[in-house]
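The structure under discussion appears below in the form of structure tokens.
Bear in mind that the values in this text are calculations on the coordinates, not laboratory data. This one's a predicted model, so the numbers in the text were calculated from it and none came from an experiment. No Cβ is skipped: glycine too gets one built from the backbone with ideal geometry, and neighbour counts run over all protein chains shown.
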Amino acid sequence: MEKNMMIVTRKIQLRIDSSDKETVRQTIGQLYGWQSICYRAANMIMSHQFIQERVKDFFYLTEDIKLKIADVKKEENGILKSSRQNTTYRLLSDHFKGQIPTNILSNLNNTLIAYFNQEKDAYWRGEKSLRNYKHNIPLPFGAEIICRLSRTADNRDFTFRLFQIPFKTYLGKDRSGKKKIFERMINGTLKLRASQIQLDKGKIFLLASVPVEKEQHALDPAIIAEASLSIEHPVTVKIGQHERVIGNREEFLHRRMAIKAAVNRVKKAVPFNSSGHGRKRKMKSVEDYRHMEKRYVDQKLHLYSRMLIDFCVKHGAATLLLVNQEEKEEMAKEDPYLLQNWSYYNLKEKINYKAELAGIQVITE
């Protein structure tokens, strides 16, 4: 990939393009069946890769066991019948062949092995634990299998086939330019990368990975922005004599705690709610408030990170230094109040993403 390009993910809601309710029901059931297989397959991949990497630590094996994890056809002392990457793919193929498209298994295998190779050094140092995947894992697939992409008759949405399943987009008001992505895919100016299908409470989403061009700004490598993340002020940034405070405790934390208090009040009223559909109906008001909190936090962190990066671009800072951040995160882990109510990691993720898009290097101190 070119240095001035980066991969971003766009979440696009999909629907099964069929008017037959039974067909829709069966198709969604099939997708959930594939998701269950992916969940099992993902944990198998990580377990086998970990064992292959650390088999030499199994001191209780006899000396006759060869400890070279390599293809026996290529290495004299190799103990594998094929490459390490192919071993886990063959394992998945033996277990799930015919139950799920092999394209999903292949992309799942490639993606997880890439994650494992990036993080394995941290495993040995004890800084990370082996990834554990849950039932809501998305279904990865290669973009080449999307076919028959076309506009709908009203020109508002798009239809396509994936694994011979007819899908239709639901773009709604489309404030983030998702329609342009599909238009560029149709005219050939944009190539979709390996993407994923996410199932969430009966809804279907396409997590589309697309390359975008980085923003071009006149940044000076000699100018460094120093930013501090804290609970009193979400972001405080200083560039030379210029300083700015972004957000405040009342604006973020107090509003979030007010929503939490509302959740607790609604919980007390749950026993008196009607139960037309069992627990789901009784808990609906609680879930609505929880979603409200999640949306509020996400929107505020997007705003704070955007304002921070815009301030850096305005003053030409090519480097953003997060001061004493590691120390603050360790303190937050020991303080239940901070851990529950503050969002260091989420804010850092959004800052890193927007900084990379603007061409700014982020350093955590």
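For the range 193-250, a simple Cβ point-charge model (Lys and Arg +1, Asp and Glu -1, everything else neutral) yields a dipole of about 340 debye relative to the Cα centre. Can you compute the label reach from ASP20? Point 7 Å from Cα along the Cβ direction, backbone N cut-off under 20 Å, restricted to the range 157-174. 159-169, by backbone N distance to the label point.
Ranking request for peptides 107-117, 285-295, 202-212: highest mean number of other beta-carbon atoms within 10 Å first, then the rest in descending order. Each step should come with its number before you reach the end.
On the way: 107-117: 18.0, 285-295: 14.1, 202-212: 16.0.
Order by mean packing, descending: 107-117, 202-212, 285-295.
The slack in the chain from ASN110 to TRP124, taken as 0.36 nm per residue of separation less the alpha-carbon distance, amounts to 2.9 nm. Label separation (LEU91 vs ARG131): 1.4 nm, computed from points 7 Å beyond Cα along the C-beta direction. Multiplying the residue separation of LYS201 and ILE186 by 0.36 nm and removing their Cα-Cα distance gives an extension gain of 2.4 nm. The local environment of ALA153, defined by Cβ-Cβ distances under 14 Å, has a net charge of 0 under the rule Lys, Arg +1 and Asp, Glu -1. Working note: Karplus 6.51/-1.76/1.60 with θ = phi - 60° gives the range 117-129 the couplings 5, 6, 9, 4, 4, 5, 4, 5, 7, x, 8, 9, 9 Hz, where Gly and Pro are set to x.
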